[in-house]
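Peer 1: This structure is in structure tokens; I'll ask about it shortly.
Nothing in this text is a laboratory measurement; each read-out follows from the coordinates by a stated rule. Here the structure is a predicted model, which means the values were calculated and not measured. Every residue, glycine as well, gets a Cβ built from its backbone with ideal geometry; the counts of neighbours run over all protein chains shown.
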Amino acid sequence: MKVLLIGYGKMGKTIEALAKDRGHSIAGIADNTEELSRFSGEADVAIEFSQPEAAISNLKFCFDKHIPVVCGTTGWLEHKNEITDYCQQKNGGFFYASNFSLGVNLFFQLNERLAQLMRPYSDYQVSMEETHHTQKKDAPSGTAITLAEGIIKNHPLIKEWHLGETLNPAALVIHSHRVDPVPGTHTIRYHSEVDDIEITHTAHSRKGFAQGAVVVAEWMVNRKGIYSIDDFLNL
């Protein structure tokens, strides 16, 4: 397949290498919105890992050009309804995931199951800690928000998430750290006076994220509609 690569930071370069290893070609590389506007070639799919402030215009460009797009950029989800509506208007194909790692998506499922198990035990206070490299601009991470949403959906005592400490007992506190060269670590902790229960996912490199994005891009060629990782994994 011919891939339009949007965003050419460390993740973009890793995706480029893995796509070529799998026999694909790079139809174009755009590291910003201006470069993307000059793209006039043909692509079977776009992979978008850019910056939150650029994601909206980048995605709309792909829908206008009828290029299915796989997006891993986080920090823009307050505009998600706008983007899905625009995609449907253009009869486009759109796949969004806060994290493309198979291990992380298994971790999402484990997180929801643990939240279900902890429902009867109000003595435990749940919190989250996430650490990424200093180039990651949004906090909390998209993965942390997905984890928080999974807890809120499955634990009746948790109604919202909050970045940093809060006195609200119904809020899931998220602590975000930016430390080089950490690719991504997420820990869910249930704390009581007598013990702690913790689950942690630790990424060792960006390769797992990039590989997942390329495999999903292969799946998205010629697809129309709105998709998530659950569709891809048949969850």
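Peer 1: Considering the zone a paramagnetic label at VAL215 would reach in this model (a point 7 Å from Cα along the Cα-to-Cβ line), which residues of the range 3-30 have amide N under 14 Å from it?
Peer 2: Zone members listed by number: 19, 22.
Peer 1: Relative contact order for the chain: what is it in percent, counting Cα pairs under 8 Å that are at least 6 residues apart?
Peer 2: 22
Peer 1: Can you list the trypsin sites (Lys or Arg not before Pro) in the range 1-89 that are in a DSSP coil and have 14 or fewer other beta carbons within 10 angstrom?
Peer 2: Working: sites: LYS2, LYS10, LYS13, LYS20, ARG22, ARG38, LYS60, LYS65, LYS80; in loops: ARG22, ARG38, LYS65.
Answer by residue number: ARG22, ARG38.
Peer 1: Just subtract the alpha-carbon distance of LYS90 and LEU106 from 0.36 nm times their residue separation and send over the number in nm, one decimal.
Peer 2: The span from LYS90 to LEU106 would gain 2.5 nm if fully extended.
Peer 1: Calculated from DSSP H runs of 4 or more alone, at -39500 (n - 2.57) each and per residue, what is the 222 nm mean residue ellipticity of the chain, nearest 500?
Peer 2: Per the formula, -11500 deg cm²/dmol.
Peer 1: Can you tell me what the convex hull of the Cα atoms of the range 102-202 projects to on average, as an area in nm²? Walk me through the numbers before you get to the answer.
Peer 2: Numbers: hull surface 25.0 nm².
Projected area, direction-averaged: 6.2 nm².
Peer 1: At what distance in angstrom do the alpha carbon centres of the range 189-208 and the range 82-115 lie from each other?
Peer 2: Each part reduced to its Cα centre gives a spacing of 22 Å.
Peer 1: What whole-number distance in Å separates the alpha-carbon centres of the range 125-169 and the range 1-79?
Peer 2: Their Cα centres are 28 Å away from one another.
Peer 1: Would you mind getting me the FRET efficiency between VAL194 and ALA139? Use the beta-carbon distance for r and R0 = 41 Å, nearest 0.05. Before the final figure, lay out the partial values.
Peer 2: On the way: r = 32 Å, r/R0 = 0.77.
Once rounded, the FRET efficiency stands at 0.85.
Peer 1: Only Cα pairs under 8 Å and at least 6 apart count here; give the relative contact order of the range 102-202 as a rounded whole percent.
Peer 2: 35
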